Amino acid sequence: MSRLTKYEKETIILTSEGDDTYSVYTFNPALKRRLAEFAKKYPEHCRLESEDKKLGSQSYVIGKGRLSIRLTAPYSEERRKEMSEFAKKGNFSNVHLLPFNGV
């Protein structure tokens with residue numbers, strides 16, 4: 001079997017309004033690692049359902065209250081310029097002091 005392209009390596013989150021769990025199918029290494037760690041720490045809330053080692057995918061079942069989707073607004077042009085100038089100055093040791101004007 002040939003290798004899958006990045007476009008074929010999907011992450012799919014499935015549920016229905018009647019379910020109390022999500023099914024998370026993924027090829028993403030970081031997400032697989034995070035889900036594995038969570039399942040190990042909280043087996044009553046998350047478990048590995050299936051794995052295809054040949055393809056590299058895993059499927060987890062996780063309680064709806066344990067997974068959230070965060071939407072983030074795009075930065076304004078002013079905020080992007082501020083961050084660009086900050087980065088150009090090389091002040092990375094003060095990352096916790098990043099200028100923020102609520103934008």
* Selection from region 24-46 of residues that are surrounded by 15 or more Cβ atoms within 10 Å (Cβ to Cβ) and not hydrophobic (A, V, I, L, M, F, W, C) -> Tyr25, Thr26, Asn28, Lys32, His45
* Yes or no: Ser84 polar (S, T, N, Q) and either in a helix (DSSP H, G or I) or touching a residue at least 12 places away in the same chain (Cβ under 8 Å) (or both)? -> yes
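Read-outs: derived from the displayed coordinates by stated rules, not from any lab. Predicted, not measured: the structure shown is a model, and the values here were computed from it. Cβ atoms come from the backbone with ideal geometry, glycine included; neighbour counts cover every protein chain shown.
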